[in-house]
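*Asks:* Below is the structure I would like to discuss, written out as structure tokens.
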Amino acid sequence: MSRVVTWRALLALAALAALPAVPGLPRYYLLLAFDSLLFGAIAMSLDLLIGYTGLVSFGHAAFYGLGAYATAILMERGVLSLWACLGSSVLVVGAYALVVSYFATPRRGIYFALLTLIFAEVVYTFFRYTQTFGGSDGIQGLPDAELWRGVPIDTPERKYYLGLAYLALAYATCRVVVTSHFGRVLVAIRENEDRARFLGYSVHRYKMAVCLLSALLTGLAGAIYPIRSAFATPDLMVWTESGEFIISVMIGGLGTLVGPILGGVFFTILRDKVSSYVDWYFIVIGVVLIVIVLFMPKGLLGFRRLLGFKQWRATA
Amino acid sequence: MDYLVAVLLPQLLHGLVFGAALGLLALGLTVIFGLLGVMNFAHGELYMLGAYAGITVIGWTHSFWVALVAAPLIVGVLGAITEAATLRPLYRREPLYGLILTFGLALVFREGVRQIYGGDMRRILPPFTGSTPILGMTYPDYRLFLLAASSALLLAIWLFFTRTRAGIIVRAAVQDAEMLDGLGVDVRRVFTLTFAGSAALAALAGLLLAPVFTVYPQMGVEMILLAFIVVILGGMGSMGGSVVAALVIGLAQSLFSLWMNPQRVAIAIFGIMIVVLIVRPRGFFGREGVLE
């Protein structure tokens with residue numbers, strides 16, 4: 001097996017693909033699984049930036065929300081083809097990400113974080129107050145999208161497989177990227193940006209490229225979200241949402257790709273389960289976050305190692 | 001001339017009042033940033049806690065003035081406990097961890113308040129209601145008091161940092177905490193007390209602004225972004241810069257809102273910020289290369 005397609009990854013994919021076959025599983029859990037995998041995939045694409053390149057983006061919610069709106073606006077006007085929706089999301093998110101990454105990537109650290117945050121807030125404010133796109137209510141009550149003519153993505157099973165297919169593609173893309181020469185340069189930039197520059201790499205271009213890639217993957221996740229939920233609201237891109245993406249990356253473990261997926265799944269399930277028992281679940285999430293930062297800064301995968309498991313594959 | 005007196009002047013005063021209060025908030029943020037290298041995401045929640053602590057104290061004592069003293073003290077103590085329990089173990093780690101930690105703290109504070117007080121909008125009545133003729137217009141007394149109180153506090157803080165031994169120690173810690181430690185100062189205590197002070201300042205700003213705005217659990221989320229913008233605009237870790245930038249943002253916001261709807265105002269403020277970050281990331285008065 002190649003370094004990209006490992007037995008372990010295939011096994012995990014097969015297990016996930018078998019999930020709808022579990023007898024007696026309420027259909028609701030398939031939608032929860034969809035949300036978890038989607039959140040995991042977003043955290044993973046953010047990990048390309050935070051974990052591998054050392055850039056903390058606080059504006060990923062805007063990529064996510066823009067992708068969702070690109071789909072929702074098309075579907076609201078009767079364009080139900082999945083491929084048209086994905087294509088328009090790529091165009092919209094790509095154009096926006098090009099601008100953001102061009103201006104934000106020359107900056108490091110907190111300046112990069114705040115630039116992405118403020119760009120995202122501009123997008124949020126625009127959609128929040130533009131009545132054409134539903135203002136604060138967003139776009140609600142969308143019809144089912146179609147894979148192609150006559151094949152609607154209507155049942156929870158079909159929606160789940162759509163999410164799973166996206167995750168598999170996104171994971172393969174990320175894995176290819178981080179094992180490639182390109183990925184090595186990203187790690188070099190994270191470790192010492194000046195030295196990478198002295199070695200002749202165009203650091204700005206590398207950072208822009210990875211920023212674009214991460215944004216597009218997140219935008220695609222946004223594009224399929226309204227297909228499952230039938231709505232897109234500005235809440236998808238408020239800045240605290242970006243914070244939750246970062247939280248998922250941290251929970252899972254920086255620079256591991258698999259970790260952030262687990263982190264996203266953990267976070268989504270935690271939010272869903274705790275909120276169905278108590279209405280103060282944000283306190284639980286906040287405390288979990290504090291505990292993780294204080295006691296297991298390497299995240300779930302780092303914790304695994306503490307427990308005596310074989311060391312997980314190190315960064316890149 | 002009528003336009004000047006009836007529209008422009010009140011708006012300018014509004015901006016000045018808001019800017020001064022914003023300065024109190026941003027000042028605490030910038031000192032903590034300089035000291036701990038942490039962008040404190042929970043600062044907006046400390047601001048919010050100040051207003052709610054005020055509501056409770058006013059409920060007990062029926063006095064705004066008692067609350068104005070008690071609420072910052074309560075929040076200051078809470079800040080000291082929080083710092084010692086959660087931020088202290090993170091001093092030597094990457095700033096990212098502090099960012100995430102304070103994000104978690106913000107969630108806990110916000111939800112805690114919503115559980116205790118409910119999510120409704122609350123109001124605090126101003127302690128006096130009259131208005132005074134000034135410069136050919138009448139202006140509410142409370143806002144004038146707000147401007148005077150914020151200015152006096154800013155002056156007091158400036159005197160503290162330039163004229164007292166404690167203030168000089170804090171500034172030294174911002175410059176080089178390790179060296180200060182070597183000189184025999186208990187740096188950890190300095191950190192904790194400074195954090196408590198910054199929390200108390202945020203609480204004071206929250207309570208002072210409460211009669212002008214409304215009080216609700218999310219109120220900090222909107223203010224903190226503005227405070228971040230102020231801190232960056234003024235230059236990370238530059239206290240004077242923060243105050244100047246707070247006044248600039250306060251004035252810009254109230255002047256813009258003469259000609260634009262709130263959405264465009266927000267976008268214009270963000271636009272200013274983006275341009276500053278791109279052209280001059282160290283802000284008005286920041287040192288070059290701080291965390292760049």
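*Asks:* Any chance you could count how many residues in region A:120-133 are more than 7 Å from chain B (Cβ to nearest Cβ) and touching a residue at least 40 places away in the same chain (Cβ under 8 Å)?
*Replies:* Matching residues across region A:120-133 total 6.
*Asks:* Criterion first (at pLDDT below 85, touching a Phe, Trp or Tyr at 6+ places or on another chain (Cβ under 9 Å), part of a helix (DSSP H, G or I) and away from chain B (no Cβ under 14 Å)) does A:Leu301 satisfy it? Talk me through it step by step, then tell me what you get.
*Replies:* Details: at pLDDT below 85: yes; touching a Phe, Trp or Tyr at 6+ places or on another chain (Cβ under 9 Å): yes; part of a helix (DSSP H, G or I): yes; away from chain B (no Cβ under 14 Å): yes.
Yes.
*Asks:* For the list (1) at the interface with another protein chain (Cβ under 10 Å from one of its Cβ atoms); (2) of a type in the set (A, V, I, L, M, F, W, C); (3) more than 24 Å from A:Ile261 (Cα to Cα), I need the number of the one condition that A:Ala113 fails.
*Replies:* Just one mismatch for A:Ala113, condition (3).
*Asks:* Here is a further query. For residues in region A:284-298 being over 15 Å from A:Phe267 (Cα atoms) and within 8 Å of another protein chain (Cβ to nearest Cβ), which is modelled with the lowest pLDDT? Step through it out loud before you land on a result.
*Replies:* The initial filter retains those residues of region A:284-298 that are over 15 Å from A:Phe267 (Cα atoms), namely A:294-298.
Subsequent filtering for residues that are within 8 Å of another protein chain (Cβ to nearest Cβ) retains A:294, A:297.
Values: A:Leu294: 85, A:Pro297: 75.
So, considering only residues that are over 15 Å from A:Phe267 (Cα atoms) and within 8 Å of another protein chain (Cβ to nearest Cβ), the one modelled with the lowest pLDDT is A:Pro297.
*Asks:* Look through region A:203-243, keep the residues that are within 30 Å of A:Arg184 (Cα to Cα) and without any contact (Cβ under 8 Å) to a residue 24 or more places away in the chain, and return whichever of them is surrounded by the most Cβ atoms within 10 Å (Cβ to Cβ). Before you say what the answer is, go through the steps one by one.
*Replies:* Taking region A:203-243 as the starting set, the residues that turn out to be within 30 Å of A:Arg184 (Cα to Cα) are A:203-223, A:241-243.
From what is left, the residues that are without any contact (Cβ under 8 Å) to a residue 24 or more places away in the chain are A:203, A:205.
Working: A:Val203: 21, A:Arg205: 10.
Restricting to residues being within 30 Å of A:Arg184 (Cα to Cα) and without any contact (Cβ under 8 Å) to a residue 24 or more places away in the chain, the top hit is A:Val203.
Let's see how each residue does on (1) touching an Asp or Glu at 6+ places or on another chain (Cβ under 9 Å); (2) within 14 Å of another protein chain (Cβ to nearest Cβ); (3) crowded, with 24+ Cβ neighbours inside 10 Å:
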position: B:Val7; (1), (2), (3): no, no, no
position: B:Leu12; (1), (2), (3): no, no, no
position: B:Leu25; (1), (2), (3): no, no, yes
position: B:Phe33; (1), (2), (3): no, yes, yes
position: B:Pro89; (1), (2), (3): no, yes, no
position: B:Arg92; (1), (2), (3): no, yes, no
position: B:Leu96; (1), (2), (3): no, yes, no
position: B:Leu101; (1), (2), (3): no, yes, yes
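*Asks:* If a residue has to be at the interface with chain A (Cβ under 7 Å from one of its Cβ atoms) and within 22 Å of the chain's Cα centre (by Cα) to count, how many in region B:111-129 make the cut?
*Replies:* At the first step, the residues of region B:111-129 found to be at the interface with chain A (Cβ under 7 Å from one of its Cβ atoms) are B:111-112, B:115.
Checking which are within 22 Å of the chain's Cα centre (by Cα) leaves us with B:111-112.
So the answer is 2.
*Asks:* A follow-up question, please. Answer yes or no as to whether A:Leu254 is over 25 Å from A:Ile139 (Cα atoms), modelled with pLDDT under 90 and touching a helix residue (DSSP H, G or I) at 6+ places or on another chain (Cβ under 6 Å).
*Replies:* yes
*Asks:* Do we have any residue at all in region B:270-285 that's modelled with pLDDT under 80 and away from every other protein chain (no Cβ under 14 Å)?
*Replies:* yes
*Asks:* A follow-up question, please. One residue is enough: does region B:212-225 have a residue meeting the conditions touching an Asp or Glu at 6+ places or on another chain (Cβ under 7 Å) and within 11 Å of chain A (Cβ to nearest Cβ)?
*Replies:* yes
*Asks:* Picking from A:Asp279, A:Asp272, which residue would you name as being charged (D, E, K, R) and closer than 17 Å to A:Gly40 by Cα? Break it down into steps so the answer makes sense when it comes.
*Replies:* Values: A:Asp279 fails: closer than 17 Å to A:Gly40 by Cα.
That would be A:Asp272, the only listed residue that is charged (D, E, K, R) and closer than 17 Å to A:Gly40 by Cα.
*Asks:* Scanning for something surrounded by fewer than 18 Cβ atoms within 10 Å (Cβ to Cβ), under 21 Å from the mean Cα position of the chain (by Cα), farther than 26 Å from B:Phe109 by Cβ and more than 10 Å from every other protein chain (Cβ to nearest Cβ), does region B:228-241 turn up at least one residue?
*Replies:* Yes, there is a match, as at least one residue in region B:228-241 is surrounded by fewer than 18 Cβ atoms within 10 Å (Cβ to Cβ), under 21 Å from the mean Cα position of the chain (by Cα), farther than 26 Å from B:Phe109 by Cβ and more than 10 Å from every other protein chain (Cβ to nearest Cβ).
*Asks:* From the set of residues in region A:72-81 that are hydrophobic (A, V, I, L, M, F, W, C) and more than 19 Å from the chain's Cα centre (by Cα), which is surrounded by the most Cβ atoms within 10 Å (Cβ to Cβ)? Lay out the reasoning, then the answer.
*Replies:* Residues of region A:72-81 that are hydrophobic (A, V, I, L, M, F, W, C), as a first pass: A:72-75, A:79-80.
Those left that are additionally more than 19 Å from the chain's Cα centre (by Cα): A:73-75, A:79-80.
Working: A:Ile73: 20, A:Leu74: 21, A:Met75: 23, A:Val79: 14, A:Leu80: 19.
Filtering first and then ranking leaves A:Met75.
*Asks:* Within region A:139-150, can one find any residue that is within 17 Å of A:Trp239 (Cα to Cα) and not acidic (Asp, Glu)? Steps first, answer last, please.
*Replies:* Narrowing region A:139-150 to residues within 17 Å of A:Trp239 (Cα to Cα): none.
No, because not a single residue in region A:139-150 is within 17 Å of A:Trp239 (Cα to Cα) and not acidic (Asp, Glu).
*Asks:* Quick check: is even one residue across region B:120-138 buried (at least 18 other Cβ atoms within 10 Å of the Cβ), without any contact (Cβ under 8 Å) to a residue 12 or more places away in the chain and of a type outside the set (S, T, N, Q)? Give the steps one after another, and end with the answer.
*Replies:* We begin by selecting, within region B:120-138, every residue buried (at least 18 other Cβ atoms within 10 Å of the Cβ); these are B:124.
Filter again for without any contact (Cβ under 8 Å) to a residue 12 or more places away in the chain, leaving none.
No, region B:120-138 has no match at all.
*Asks:* Considering each residue of region A:231-249, count those that are over 14 Å from the mean Cα position of the chain (by Cα) and farther than 11 Å from A:Glu121 by Cα, and give that number.
*Replies:* Taking region A:231-249 and keeping what is over 14 Å from the mean Cα position of the chain (by Cα), we get A:231-235, A:238-240.
Filter once more, keeping what is farther than 11 Å from A:Glu121 by Cα: A:231-233, A:235.
So the answer is 4.
*Asks:* Run down B:Ala202, B:Ala196, B:Ala177, B:Ala172 and say which single residue is in a helix (DSSP H, G or I), farther than 30 Å from B:Ala53 by Cα and touching a residue at least 40 places away in the same chain (Cβ under 8 Å). Outline the logic, then answer.
*Replies:* Working: B:Ala202 fails: farther than 30 Å from B:Ala53 by Cα; B:Ala196 fails: farther than 30 Å from B:Ala53 by Cα; B:Ala172 fails: touching a residue at least 40 places away in the same chain (Cβ under 8 Å).
Residue meeting the stated conditions: B:Ala177.
*Asks:* Something else about it: Could you go through region B:146-164 and let me know if any residue there is surrounded by fewer than 19 Cβ atoms within 10 Å (Cβ to Cβ) and touching an Asp or Glu at 6+ places or on another chain (Cβ under 9 Å).
*Replies:* no
*Asks:* Another one. In this structure, is B:Ala152 of a type outside the set (D, E, K, R) and within 17 Å of the chain's Cα centre (by Cα)? Spell out the reasoning first.
*Replies:* Numbers: of a type outside the set (D, E, K, R): yes; within 17 Å of the chain's Cα centre (by Cα): yes.
In short, yes.
*Asks:* Sticking with this structure for a sec: When residues of region A:97-114 are filtered for being free of Cβ contacts under 8 Å to residues at least 40 places away in the same chain and within 12 Å of A:Ala62 (Cβ to Cβ), how many remain?
*Replies:* Total meeting the criteria: 1.
*Asks:* Return only the number of the condition from (1) over 14 Å from the mean Cα position of the chain (by Cα); (2) in contact (Cβ under 8 Å) with a residue 60 or more places away in the chain that A:Leu289 does not satisfy.
*Replies:* Just one mismatch for A:Leu289, condition (2).
*Asks:* Being among the aromatic types (Phe, Trp, Tyr) and assigned to a loop (DSSP other than H, G, I, E, B) narrows it down to one residue among A:Phe39, A:Phe58, A:Phe34; which is it?
*Replies:* On the way: A:Phe39 fails: assigned to a loop (DSSP other than H, G, I, E, B); A:Phe34 fails: assigned to a loop (DSSP other than H, G, I, E, B).
Matching residue, one of A:Phe39, A:Phe58, A:Phe34: A:Phe58.
*Asks:* Only one residue in A:Ser101, A:Ser136, A:Ser45, A:Ser89 is in a helix (DSSP H, G or I), in contact with a Lys or Arg (Cβ under 9 Å, 6 or more places away or on another chain) and surrounded by 24 or more Cβ atoms within 10 Å (Cβ to Cβ). Which one?
*Replies:* Working: A:Ser136 fails: surrounded by 24 or more Cβ atoms within 10 Å (Cβ to Cβ); A:Ser45 fails: in contact with a Lys or Arg (Cβ under 9 Å, 6 or more places away or on another chain); A:Ser89 fails: in contact with a Lys or Arg (Cβ under 9 Å, 6 or more places away or on another chain).
A:Ser101 is the lone residue from the list that is in a helix (DSSP H, G or I), in contact with a Lys or Arg (Cβ under 9 Å, 6 or more places away or on another chain) and surrounded by 24 or more Cβ atoms within 10 Å (Cβ to Cβ).
*Asks:* Additional query: Scan region A:1-25 residue by residue and report those that are loosely packed, with under 10 Cβ neighbours inside 10 Å and at pLDDT 85 or above.
*Replies:* Result: A:Ala14, A:Ala15.
*Asks:* Answer yes or no: is there a residue in region B:215-224 that is in contact with a strand residue (DSSP E or B) (Cβ under 6 Å, 6 or more places away or on another chain) and either among the small types (Gly, Ala, Ser) or over 30 Å from A:Tyr102 (Cα atoms) (or both). Show your work before the answer.
*Replies:* Taking region B:215-224 first, the residues in contact with a strand residue (DSSP E or B) (Cβ under 6 Å, 6 or more places away or on another chain) are B:215.
From what's left, either among the small types (Gly, Ala, Ser) or over 30 Å from A:Tyr102 (Cα atoms) (or both): B:215.
Checked region B:215-224: at least one residue is in contact with a strand residue (DSSP E or B) (Cβ under 6 Å, 6 or more places away or on another chain) and either among the small types (Gly, Ala, Ser) or over 30 Å from A:Tyr102 (Cα atoms) (or both).
*Asks:* Is there a residue being of a type in the set (Ser, Thr, Tyr), touching a Ser or Thr at 6+ places or on another chain (Cβ under 8 Å) and not in a helix (DSSP H, G or I) anywhere in region B:213-236?
*Replies:* Checking region B:213-236: not a single residue is of a type in the set (Ser, Thr, Tyr), touching a Ser or Thr at 6+ places or on another chain (Cβ under 8 Å) and not in a helix (DSSP H, G or I).
*Asks:* Test B:Leu16 against the criterion of being farther than 17 Å from B:Ser238 by Cβ, surrounded by fewer than 21 Cβ atoms within 10 Å (Cβ to Cβ) and not β-branched (Val, Ile, Thr), and give yes or no.
*Replies:* Values: farther than 17 Å from B:Ser238 by Cβ: yes; surrounded by fewer than 21 Cβ atoms within 10 Å (Cβ to Cβ): yes; not β-branched (Val, Ile, Thr): yes.
Yes; evaluated as a whole, the condition is true for this residue.
The values are calculated or read from the model by the stated rules, or taken from the named source; none is laboratory data. Just so it is clear, the structure is predicted and the values come from calculations on it, not from any experiment. Here Cβ is always computed from backbone atoms with ideal geometry, including for glycine, and neighbour counts include all displayed protein chains.
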